[in-house]
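**Q** Encoded as C-alpha cells, here's the structure I'll be asking about.
What follows draws every value from the coordinates through simple rules; no lab data is involved. The model shown is predicted, which means the values in this text are computed figures rather than measured ones. Quick reminder, even Gly has a Cβ in these numbers, built from the backbone with ideal geometry, and neighbours come from all protein chains shown.
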Amino acid sequence: MDANEGGGRGAPAGQSGPVVTAAGAAEALGAEVPGAEVPAEVSETGEADGAAGEVPDEAERAAGEVVGESGGARGEVPGGLRGVAGPEAVRAPGIAGLSLPYRSLAALALGAVVVTACWHLAMVFLHVAPANTVSRKHAEAVDEWIYPEFEQNWKLFAPNPLQQNIAVQVRAELRTPSGERVTTGWRDLSAEDGAEIRHNPLPSHVHQNELRRAWDFFTGSHDDQNRANGERGRLSEAYLRRIAMQRLHERRPAGVVERVQLRSATRAVAAPPYSDEKTDTQVYYRELPWWNVTAADLPATAAGAQREETAP
C-alpha cells in the first residue's frame, strides 16, 4: 500500500507495526495541518525519503510527541486534545484537586478556624493586658469566653511563684438511722482530685479547678480569723459547703449529714537537692468553724432523699 493512500500510516518491511508520523496522528485526531505534505515513502526511522521539508510546528503541537510502537500513540497530548484521545487528566494536588462543593466546604472550614483563632487570641490578650477602655467595655464578653477553660495568670513567672502545696480536707457530723451522732474522719478532697488528674490525658476542669478556686475565693474574702468580708465572704462559704456536700454524697454516707467542717493543710515545697536553702516542710492546718447544712447545700437527689427521711 502506498504511504499516501494510508494517510502516512504505512509500515515498512521488517517492522512489526505501522509507524505513525506527527502529521498522521494529527490527521487521525481531526487536526488540520496547514501546508503539510505526507511523504511518499517512510523509512524505518520515521523520516520521509526524498522529502526535504519538515512537518510544521503547528502540526507537532497538535499531535504531540508520537512514537511508533505497535501502532499505539504515546506521549504528551495538548490540553485541547486530551479529552479526545490523550491520557486522563492529572488531578491538581491539595484542595485544588477537589470538586467544587468540597472545595467550598474546605474553604468554609478553614475560614471558621482562622476566625476562631483570631477571636481567641483577641480575648486572651484583653484578659491578660492591663485594664483599658476596650477591656472594660467588653469585660463580660471576655470573662464568658475565658473562664474557666482558658484562664490565664502570672503566678508561674511572678516574682513570688507558688511555693506551697495546699490540700483541702473535710469531715462531717452524721445522724445515723438509730439517732446516734457520729463524726467522720478527715477526708482529703484535694488528694482525690489529684488522683483523678494523674495519668489522665484529658482531666476534668472540675477536678483541676473547682476546689482550688473555691478555697482561693474563701481565703481572699476572709481575714485570718475566718471572718467574712462582706457579701462575697458569705457567698464563698456557701460555695464551699455545697462542694463539700456534693463530694460527701458521692460516697453515700451512712446517715444524714447535719454539719460539715473544712480545713486546709499547707506544706512548703522542699528545696531541690542541689540547693543549700533550708525549707520548713512541716504541715500547718487552718480549721474553719462547723457549718450547719441546709437543704440549699445538698445536691438535688440528696435533698429529696433527706426530705423523705425527715417527713413524719
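**Q** Quick one: Cα centre-to-centre distance for segment 118-152 and segment 255-287, in angstrom?
**A** So the separation of the two Cα centres works out to 34 Å.
**Q** Okay, next question. If I stretch the segment between THR183 and SER275 completely, what's the gain in nm (0.36 nm per residue apart, minus their alpha carbon distance), one decimal? Intermediate results must be reported in sequence, preceding the final value.
**A** On the way: separation 92, 0.36 × 92 = 33.12 nm, distance 4.35 nm.
Full extension of this stretch gives 28.8 nm more.
**Q** A follow-up question, please. Tell me, what ³J(HN,Hα) does each residue in segment 126-139 have, in order and in whole Hz, if you take phi through Karplus 6.51 cos²θ - 1.76 cosθ + 1.60 with θ = phi - 60° and put x for Gly and Pro?
**A** 3J(HN,Hα) across segment 126-139, in whole Hz: 5, 6, 8, 6, x, 4, 9, 4, 5, 5, 6, 5, 10, 4.
**Q** What list of ³J(HN,Hα) values in whole Hz, one per residue of segment 275-288 in order, does the Karplus curve 6.51 cos²θ - 1.76 cosθ + 1.60 (θ = phi - 60°) give from phi, with Gly and Pro shown as x?
**A** 9, 8, 5, 9, 10, 7, 9, 5, 7, 10, 9, 10, 9, 8
**Q** I'd like the distance separating the alpha-carbon centroids of segment 94-112 and segment 176-252, in whole Å.
**A** Rounded to whole Å, the Cα centres lie 49 Å apart.
**Q** Rank by packing, highest mean first: peptides 196-208, 116-128, with packing defined as the count of other Cβ atoms within 10 Å averaged across residues.
**A** For the peptides 196-208, 116-128, the packing ranking is 116-128, 196-208.
**Q** Explain nothing, just compute: Karplus ³J(HN,Hα) = 6.51 cos²θ - 1.76 cosθ + 1.60, θ = phi - 60°, for every residue of segment 106-123 in order, whole Hz, x for Gly and Pro.
**A** 5, 5, 5, 5, 5, x, 5, 5, 5, 5, 5, 4, 5, 4, 4, 4, 5, 5
**Q** For THR279, list long-range residues whose amide hydrogen, built 1.01 Å from N in the peptide plane, is under 5 Å from its own amide hydrogen.
**A** ALA271
**Q** 7 Å from Cα along Cα→Cβ at both PHE125 and ALA139: what's the point-to-point distance in nm?
**A** Going from the PHE125 label point to the ALA139 one covers 2.1 nm.
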